[in-house]
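The block underneath contains the structure these notes are about, expressed in structure tokens.
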Amino acid sequence: MMDIRTITRIEDPMSITSLPVLDLSLAQNPDTAEQFRTQLREATHEVGFFYLVGHGIPDDLQRRLLSVAREFFALPTAEKLAIENVRSPHFRGYTRLGGELTEGKQDWREQIDIGAEQPAAERTDTSPAWEILQGPNQWPDALPELRDVITEWNDTLTSIALSLLREWAVALGQDANIFDDAFAHDPSILIKVVRYPGRPKGAGSQGVGGHKDAGVLTLLYVEPGKGGLQVEHDGDWIDAPPIDGALVVNIGELLEVATGGYLKATVHRVVSPEGDGERISVPFFFNPNYAAQIPEFDLPPELAARATGVTVDANNPIHDSYGANALKSRLRAHPDVAARWWPDIVAAQSAT
């Protein structure tokens, strides 16, 4: 297991071989809060990823999350397919093995997608397309514990995410509450409970292909002892094996927008386990209300001088509203759901 003490600082950003480790408890102490903010700012400017310890998530909750995830994936196939995401016009529910795409290629994982519990929007001819993402979740009848644990996990990680956003704001020379308007009402939450099964040797390695997250902030729990996550930095792939009790944190495209490219969303992927192994992970995506536009910062001159602008990629346009960015991601990842429920939106998006 990795020794946390050896990787708490980025000594040489040009020769990174492991992710930095940040301790959130430092932010709670006035004597060390500025130290934490400096580390947070530099880690997400240089790498866009870090390990987070000192977050206060109870060990028991982590164990229950992993246990209920295993129970879900052990359900009979018919039970899981009863809540398959193609049954949901809101992209919620179970995705069978190989049912999601990244950059048009099949990911080798099965999962359940869970969002904020909402009624479906009453759409009109003038409704924004992203309103299709709002709606109820699908839960397995055979495993009511899943909903209970995920609700507790959601509440716990929402608190951590809000704390991090306030620390980022201050670290970047902004008012601590600059994000409040975007996140104050109905933040957009997405939790994925994911299982990566092993693949036979020679059968390919894409657990999930290289991509950037479309939102603001991701907090990732990974089953202890199970590697596979890799982060791209300066053209190389950095292995990011789990640290016991730590979350893996990364920023999404909207923090790149907010900071004019001072913070960069980072490409990452998961390599499938080999042979008979498997890997459970639970990413928590914390984002503003679908309708909200992310605030754009007026950075202090010394930081603005290091901002390189928002990434321009004709194949991956970055929008400043989360709804537009999230819809882009969902349509690409689940074309079967999109084709069944929203062929008009797919046609309109393709024409733009």
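The values are calculated or read from the model by the stated rules, or taken from the named source; none is laboratory data. What you see is a predicted model, and the numbers here were worked out from it, not measured in a lab. We place every Cβ from the backbone using ideal geometry, glycine too, and count neighbours over all the protein chains shown. In case anyone asks, the SASA skips ligands and DNA or RNA and just uses the protein heavy atoms, side chains included. Shrake-Rupley method; radii C 1.70, N 1.55, O 1.52, S 1.80 Å.
Structure summary
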| read-out | value |
| --- | --- |
| Gain on full stretching of the segment that runs from Glu302 to Ala339 - 0.36 nm per residue minus C-alpha separation | 8.6 nm |
| Cut-off under 5 Å, modelled amide H: who pairs with Gly99 long-range | Arg109 |
| Per-residue HN-Hα couplings for the stretch 117-127 [Karplus 6.51, -1.76, 1.60; θ = phi - 60°; Hz; x = Gly/Pro] | 6, 9, x, 5, 5, 8, 7, 10, 5, 9, 5 |
| Dipole of the stretch 263-352 [Lys/Arg +1, Asp/Glu -1 at C-beta], most positive-end residue of Pro335, Ser281, His268 | Pro335 |
| Backbone HN-Hα couplings from phi across the stretch 188-197 [Karplus 6.51/-1.76/1.60, Hz, Gly and Pro as x] | 8, 9, 9, 10, 10, 9, 10, 10, 9, x |
| Asp234 paired with Glu71, simple spin-label distance in nm, labels 7 Å along Cα-to-beta-carbon | 4.7 |
| Aspartates and glutamates whose Cα lies under 16 Å from that of Lys328, excluding same-chain neighbours fewer than 8 positions away | Glu100, Glu103, Glu131, Asp213, Glu253, Asp313, Asp320, Asp336, Asp344 |
| Segment Ala120-Ser205, extension gain: residue separation times 0.36 nm, minus the distance between their alpha carbons | 26.9 nm |
| Distance between modelled label sites at Thr151 and Thr17, nm, 7 Å Cα→Cβ extension | 4.8 |
| Among Thr126, Thr151, Thr102, residue whose mean-square fluctuation peaks in a GNM of the chain (springs only between Cα atoms under 10 Å) | Thr126 |
| Reach of Lys201 by Cα under 21 Å, taken over lysines that are not fewer than 8 positions away in the same chain | Lys105, Lys226 |
| For the stretch 292-352 versus the stretch 214-264, the gap between their alpha-carbon centres in whole angstrom | 18 |
| Fluctuation leader among Arg70, Arg87, Arg306 - the chain, Gaussian network, Cα springs under 10 angstrom | Arg306 |
| Accessible area per residue in Å² at 1.4 Å probe, computed on the stretch 255-319 | 44 |
| Spin-label model distance (nm) - Asp175 vs Asp244, 7 Å beyond Cα toward Cβ | 4.5 |
| Among Glu152, Glu100, Glu42: highest mean-square fluctuation, GNM of the chain, C-alpha pairs under 10 Å | Glu152 |
| Fraction of accessible area attributable to carbon and sulfur, the chain (%, probe 1.4 Å) | 49 |
| Rounded to the nearest 10 Å², the accessible area of Asp344 at probe 1.4 Å | 100 |
| Gyration tensor (alpha-carbon) shape descriptor, the stretch 226-270, a/c threshold 1.5 | oblate |
| Amide H within-cut-off set for Gln206, under 5 Å, with H built and near neighbours excluded | Ser272 |
| The stretch 21-61 shape via C-alpha gyration tensor axes, a/c threshold 1.5 | oblate |
| Built amide H within the under 5 Å cut-off of Gly277, gap 5+ | Gly198 |
| Dipole of the stretch 201-253 [Lys/Arg +1, Asp/Glu -1 at C-beta], most positive-end residue of Gly235, Gly207, Leu220 | Gly207 |
